[in-house]
Amino acid sequence: MSKIAARRAAMQLIYENMFGGTGGDDTLLGMVEFQSDEDEVAYVYDLVTGAVRHAQETDDIIMKYSPKRELDRIPALSRAVLRLALYELKYCPETPESVIINEAVEMTKRFSVPDDSRFINGLLGAYNRENPRA
């Protein structure tokens, strides 16, 4: 499984969690067959648990960088993408910022409202400019 596929799986599990899914065998996780080793599956789990654990923090960041657009007016899939990307930008320094932002934009184009890709790019870019990694 590539990192792109892992991020897509993680985003889908984050989205599922937003609606009460627990990632058990009878939900999305049980339906996805990973063609990967244990390290790759652990990577997906790390992304999901980190993004879910820090959901309130990332939602606060979204609200700060999107003062004109209320959180509940952002499509759920776009919020899931933002939660994942903001978690990675803040807590996964091994992944380049440009990769995180680009993949978030591409996931949004593929899975969410097409116009949201510009919104996601702008929000993540603004956050990244004001919070550069050390």
| note | If we ask which residues in region 87-134 are among the hydrophobic types (A, V, I, L, M, F, W, C) and open to solvent by 30 Å² or more (accessible area, probe 1.4 Å), their number turns out to be 5
| Per-region count, region 108-134, residues polar (S, T, N, Q) and assigned to a helix (DSSP H, G or I) | 4
| task | Return the total of residues in region 7-30 being in contact with a Leu (Cβ under 7 Å, 6 or more places away or on another chain), modelled with pLDDT under 85 and in a helix (DSSP H, G or I). | result | 2
| query | Here is a list of conditions, (1) modelled with pLDDT under 95; (2) part of a helix (DSSP H, G or I), and Val105 meets all of them except one; can you say which number that is? | reply | (1)
| remark: Within region 55-70, the count of residues that are open to solvent by less than 40 Å² (accessible area, probe 1.4 Å) and either over 19 Å from Gly125 (Cβ atoms) or among the acidic types (Asp, Glu) (or both) comes to 2
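The values are calculated or read from the model by the stated rules, or taken from the named source; none is laboratory data. As the structure is a computational prediction, the values presented were derived from the model and not from experiment. Here Cβ is always computed from backbone atoms with ideal geometry, including for glycine, and neighbour counts include all displayed protein chains. Side chains are part of the model used for accessible areas, which takes the heavy atoms of the whole protein and leaves out ligands, DNA and RNA. Shrake-Rupley method; radii C 1.70, N 1.55, O 1.52, S 1.80 Å.
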